[in-house]
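The values are calculated or read from the model by the stated rules, or taken from the named source; none is laboratory data. From a predicted model like this one, the values you see are computed outputs, not experimental measurements. FYI the Cβ positions are ideal-geometry reconstructions off the backbone, even for glycines, and counts take in every protein chain you see. The area values use the complete protein model at the heavy-atom level, side chains included, leaving out ligands, DNA and RNA. Shrake-Rupley method; radii C 1.70, N 1.55, O 1.52, S 1.80 Å.
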Amino acid sequence: QVRLVESGGGLVQAGGSLRLSCVTSGSFFSINAMGWYRQAPGKQRELVADTTSGGRTNYADSAKGRFTISMDNAKTTVYLQMNSLKPEDTAVYYCNAAVVTRSPWKVDTYWGQGTQVTVSS
């Protein structure tokens, strides 16, 4: 069973910073990619940023220049450094991972339970 656990959310004033972490645990062969999504009240879940294990990154326009996604050397933990936070960044942030398992070989997407980020004005 693969499990993703996020941490690092909280309450911060506008202009502040937070660093989110998401750790993958369980039995798997490797992780192809990991990403961060967010969902604000009354809105659909949207991509914030994602990265392949090879280091190719992709950002939503709202995150460009302010957020940085990265993975650890073991390629099982993903981080999201968020700077210059705005009230509109307030949301539940979820991480996901494209996990490779074998017997049989397959790739499945797993999600974490989410961490709340609240930015006050």
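Taking the simple approach of a point 7 Å from Cα along Cα-to-Cβ for both Ser103 and Ser121, what is their distance in nm?
In this crude spin-label approximation the distance works out to 5.6 nm.
Over the chain, calculate the relative contact order: mean separation of alpha carbon pairs under 8 Å at least 6 apart, over the residue count, as a percent. Please list the in-between numbers first.
Working: 308 pairs, mean separation 43.2, N = 121.
Reported as a whole number, the value is 36 percent.
Rolling a 1.4 Å sphere over the protein heavy atoms, what is the accessible area per residue of the range 2-115, to the nearest Å²? Don't jump to the answer; show the numbers that get you there.
Values: 5990 Å² over 114 residues.
That works out to 53 Å² per residue.
Once phi is turned into ³J(HN,Hα) by the Karplus curve 6.51 cos²θ - 1.76 cosθ + 1.60 with θ = phi - 60°, what whole-Hz value does each residue of the range 111-121 show in order, with x for glycine and proline?
10, x, 8, x, 9, 7, 10, 10, 10, 8, 8
Per-residue counts of other Cβ atoms within 10 Å, averaged by peptide: what ranking do you get for 93-106, 28-41, highest first?
Details: 93-106: 16.4, 28-41: 18.1.
Taking the mean over residues of other Cβ atoms within 10 Å, the ranking is 28-41, 93-106.
In the chain, carbon and sulfur make up what percent of the accessible area (probe 1.4 Å)?
On the way: 2990 of 6490 Å².
Here carbon and sulfur together make up 46 percent of the probe-accessible area.
What share of all Cα pairs of the range 1-79, in percent, falls into each consecutive 5 Å distance bin?
Pairs per bin, as whole percents: 3, 13, 22, 26, 20, 10, 5, 1, 0.
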